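Chemist: Starting off with a structure, shown below.
The values are calculated or read from the model by the stated rules, or taken from the named source; none is laboratory data. Bear in mind the structure is a predicted one, so any value in this text is a computation, not a measurement. Cβ placement follows ideal geometry from the backbone for every residue including glycine, while neighbour counts extend to all protein chains displayed. For the accessible areas, the whole protein counts, side chains as well, though only heavy atoms, and no ligand, DNA or RNA atoms are used. Shrake-Rupley method; radii C 1.70, N 1.55, O 1.52, S 1.80 Å.
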Amino acid sequence: VHDDAIDNSAVRRGRPTVNSLWGEDRAVLLGDYLFAKAGEFAALTGNLRVIRLFSQTLQIISSGELKQTFDAFKLEQSRERYFERITSKTASLFSLATESGAILSQAPEKSIEILKNYGYNLGIAFQIVDDILDFIGTEEELGKPIGSDLAQGTLTLPAMLLLERYPEDNPVKRLFEGGDKQKNIELAIELVRDSPIVEECYKIASEYCSK
């Protein structure tokens, strides 16, 4: 809910977002309520380690979102920076689920660590595929407009590979420098779809799946 308010998204999973129906102020308050409710559920486990993990993960996700806003429309971003961001925004949430599940199941420490790593790798793979779908999916499949990451100035892996392939004449570069928004998004989507970039991104995602 907070994510939609921050991104000013009108649609989520094919349905109107809370902020588009009730406004940003109410969306933020509802998001706060949901965080509080989730905190209550975490507390009901009675496990201090899980409660601490829950709080730490909220901090990590918020930090990742802040980094993304500061990086918006900046072309000079490394792959390392991209992976740091998706670790904070997505993989941390996946590994919280798998690690805390293992803790609550009273698994041995070795198993807890294995499941934490499992969640991390799954989360990275999930986010890379999600970023690919922003270029090759349809609005019906995604439940939101394609190219929405580019529209918000978010540099994802497919866009990075596109910049590497065409360093000079590039629609992503023109978009981030203030060029025609819709035209450059459409051109970027077309170039990614007509190149081996999608295959390269899927290969990287599959490496995390294998791990």
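Chemist: Considering every residue within segment 17-37, establish whether at least one is among the hydroxyl-bearing types (Ser, Thr, Tyr) and open to solvent by less than 90 Å² (accessible area, probe 1.4 Å).
Modeler: Yes, because at least one residue in segment 17-37 is among the hydroxyl-bearing types (Ser, Thr, Tyr) and open to solvent by less than 90 Å² (accessible area, probe 1.4 Å).
Chemist: If you don't mind, there's one more thing I want to ask. In segment 188-199, what residues are farther than 13 Å from Tyr166 by Cα and surrounded by 15 or more Cβ atoms within 10 Å (Cβ to Cβ)?
Modeler: Ile189, Val198
Chemist: Let me ask something additional. Please find, among Ser92, Ser100, the residue that is touching a residue at least 24 places away in the same chain (Cβ under 8 Å), surrounded by 13 or more Cβ atoms within 10 Å (Cβ to Cβ) and within 14 Å of the chain's Cα centre (by Cα).
Modeler: None of the others qualify; the one that does is Ser92.
Chemist: Look through Ile132, Ile114, Ile124, Ile103 and report the one residue that is in a helix (DSSP H, G or I), in contact with a helix residue (DSSP H, G or I) (Cβ under 9 Å, 6 or more places away or on another chain), within 25 Å of Lys181 (Cα to Cα) and at pLDDT 95 or above. Give the steps one after another, and end with the answer.
Modeler: Details: Ile114 fails: within 25 Å of Lys181 (Cα to Cα); Ile124 fails: within 25 Å of Lys181 (Cα to Cα); Ile103 fails: within 25 Å of Lys181 (Cα to Cα).
Checking each option against the conditions leaves just Ile132.
Chemist: Additional query: Can you confirm whether segment 44-57 contains a residue that is in a helix (DSSP H, G or I), modelled with pLDDT under 95, touching a Leu at 6+ places or on another chain (Cβ under 7 Å) and β-branched (Val, Ile, Thr)?
Modeler: No: zero hits.
Chemist: Looking at Leu96, Leu150, can you tell me which residue is touching a Ser or Thr at 6+ places or on another chain (Cβ under 7 Å) and at negative phi?
Modeler: Testing whether each residue is touching a Ser or Thr at 6+ places or on another chain (Cβ under 7 Å) and at negative phi leaves just Leu96.
Chemist: A follow-up question, please. Which residue out of Glu65, Glu40, Glu80 is in contact with a helix residue (DSSP H, G or I) (Cβ under 8 Å, 6 or more places away or on another chain), part of a helix (DSSP H, G or I), surrounded by fewer than 19 Cβ atoms within 10 Å (Cβ to Cβ) and among the acidic types (Asp, Glu)?
Modeler: Result of the check over Glu65, Glu40, Glu80: Glu65.
Chemist: Take the residues in segment 123-160 that are more than 13 Å from the chain's Cα centre (by Cα), farther than 23 Å from Thr69 by Cβ and not β-branched (Val, Ile, Thr); name whichever of them is least open to solvent (accessible area, probe 1.4 Å).
Modeler: Only one residue fits best here, namely Gly137.
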